[in-house]
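Written out below as C-alpha cells is the structure these notes cover.
Please treat every number below as a calculation from the coordinates, not as lab data. Here the structure is a predicted model, which means the values were calculated and not measured. For neighbour counting, all protein chains shown are included, and Cβ atoms are generated from backbone atoms with ideal geometry for every residue, glycine included.
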Amino acid sequence: MTEQKADPAYLTSDRVHPGQYEVHPDQKRHSLVARLKAGDRAAAAELVDGYYKQIYLFMRRFGHDRQISEDLTQESFFNAWHHIGQLRDGKALDSWLYRIAANVSRLYWRKHKHKEIVGIEIIDVPDSDGDGYDRAGRYEQLEELKTAVGRLPVKLRETIVLHYMQQLTIANAAEALGVKEGTFKSRLNRALKALRKDVT
C-alpha cells in the first residue's frame, strides 16, 4: 500500500485565511476517523495531540495518580488505534474514546482493588473578589467534595466525572458508558444524592 501525502497546508495550521471557510468540527472528526481507518499513522498522532489532555484529566479525575494516569491514557490510545474499525463515524469519536478510557480505568481498578484512590483533579476554583477567608472556604469545600467523589462506587463516580468534570452532555456521557440515557440519569441522581448527604 502506497503512503498518501497529506496536503501540507492542512497539517500546518488551523487558522482560516480571509475568504476561506472554516472546517466544521464534525467534518474534521469524520476526516480524522477515515484516515485512522486507512491506517494513517499521522492521523494517530493527530488523535493523541487532540485528545490526550482530556483523557489524561479523565484518569486523574477518576482517582488515578499521575504516573498511572499517563500509563492508562497511553493504553487508551493504543486500544483506540487497534480497534478503530469498531467506530461507526466521526460524530461518535469523543464518546467512543471515553468509553475505551472508562473500560481501561475499570480494568485497572479490578486488578488493584485495594489500591487507594488519590486526590481527584477537579475544575479550578474561579477567581473572586471575595477576601481570603472566602477563597479558603471554597477550597476547603472543594477538598471535601473531591474526597466524597472518590468514595462513590465506580458506576456513580463515572457519571459525575463525565458529566460535570469532563462536561459531556447526558447523551454523550451515556454513550461513553454504553448505557441508556435513562440509566445514566438515574445513576447521576443517585450520585448527587450521595454527595449531598456526604458533604453536608
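Brief remarks follow.
- Descending semi-axes in Å of the stretch 23-121, equivalent ellipsoid built from Cα gyration tensor: 27, 13, 11
- Scanning residues 5 or more positions from residue 65 or on other chains, those with amide H under 5 Å from its amide H are 118, with H placed 1.01 Å from N in the peptide plane.
- Listed residue pairs exceeding 18 Å between alpha carbons, taken from 53/180; 155/180; 53/185; 155/185; 113/155: 53/180; 53/185
- Linear extension gain, residue 185 paired with residue 89, 0.36 nm per residue minus alpha-carbon span: 32.0 nm
- This model, with +1 at the C-beta of Lys and Arg and -1 at the C-beta of Asp and Glu, gives the stretch 23-121 a dipole about its Cα centre of some 320 debye.
- FRET efficiency, 1/(1 + (r/R0)^6) with R0 22 Å, evaluated for residue 113 and residue 198 via beta carbons: 0.55
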